[in-house]
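Structure record follows, encoded as structure tokens.
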Amino acid sequence: MTVEISAALAAGRLNGTAAVLNAVAPGASVLFYAATATSAFGETPAEPHLVAVPLTNPLGTVGDPAPDLGITPAPLAVLTLIVEPAPEGQVSTTGTIAWARILDGAGAEHIRCPVGAEGSGAPIEVEALAVYAGGYVRIVSGVFY
């Protein structure tokens, strides 16, 4: 038997996630990394992040999922990051983005996820995965369920 939950509980869990990330000023940020994660969850990776992108506070909204997410089973609720205007950060190290950590304002890690190019369906999507020191990374989509 699998665990099934109501849409109200799914939305409540995501609202709780957003509340934790928004609770500590100045707000949450996304740190982007190349290659594969080499550290345990909650530990700072040995490899430097390529770029840090601050998120707005509040960082997003919880609502009904778009009908075309293509996820089976379909999520009951989604947390969508605010991406207008697009959150951006200046790249410090050249590389190819593969994954990200979302930290609260105190630097505590709360989410790790893959990153993809725009339209990939990854939880976080950016304009381009290949980044160059001095350039900018813009988050074009962020959806968690």
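The values are calculated or read from the model by the stated rules, or taken from the named source; none is laboratory data. Predicted model only: the values in this text are computed from it and were never measured. Neighbour counts are summed over all protein chains in view; Cβ atoms, including those assigned to glycine, are modelled from backbone coordinates with ideal geometry. Heads up: the accessible areas ignore ligands, DNA and RNA and are worked out on the full protein's heavy atoms, side chains in. Shrake-Rupley method; radii C 1.70, N 1.55, O 1.52, S 1.80 Å.
For the range 77-94, does any single residue satisfy the condition of being in contact with a helix residue (DSSP H, G or I) (Cβ under 6 Å, 6 or more places away or on another chain) and assigned to a strand (DSSP E or B)?
Checking the range 77-94: at least one residue is in contact with a helix residue (DSSP H, G or I) (Cβ under 6 Å, 6 or more places away or on another chain) and assigned to a strand (DSSP E or B).
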When residues of the range 93-107 are limited to those that are touching a Pro at 6+ places or on another chain (Cβ under 7 Å) and over 16 Å from ALA117 (Cα atoms), the one least open to solvent (accessible area, probe 1.4 Å):
GLY105
Name the residue that is nearest to the chain's Cα centre (by Cα), counting only residues in the range 115-133 that are surrounded by 14 or more Cβ atoms within 10 Å (Cβ to Cβ) and in a strand (DSSP E or B).
ILE124
Against the definition (at pLDDT below 95, under 12 Å from the mean Cα position of the chain (by Cα) and either in a strand (DSSP E or B) or not acidic (Asp, Glu) (or both)), how does LEU14 come out, yes or no?
no
PRO48 being in contact with a helix residue (DSSP H, G or I) (Cβ under 8 Å, 6 or more places away or on another chain) and either charged (D, E, K, R) or in contact (Cβ under 8 Å) with a residue 40 or more places away in the chain (or both):
no
I need the full set of residues from the range 4-58 which are surrounded by 15 or more Cβ atoms within 10 Å (Cβ to Cβ), over 20 Å from ALA128 (Cα atoms) and among the hydroxyl-bearing types (Ser, Thr, Tyr), in order please.
THR17, THR56
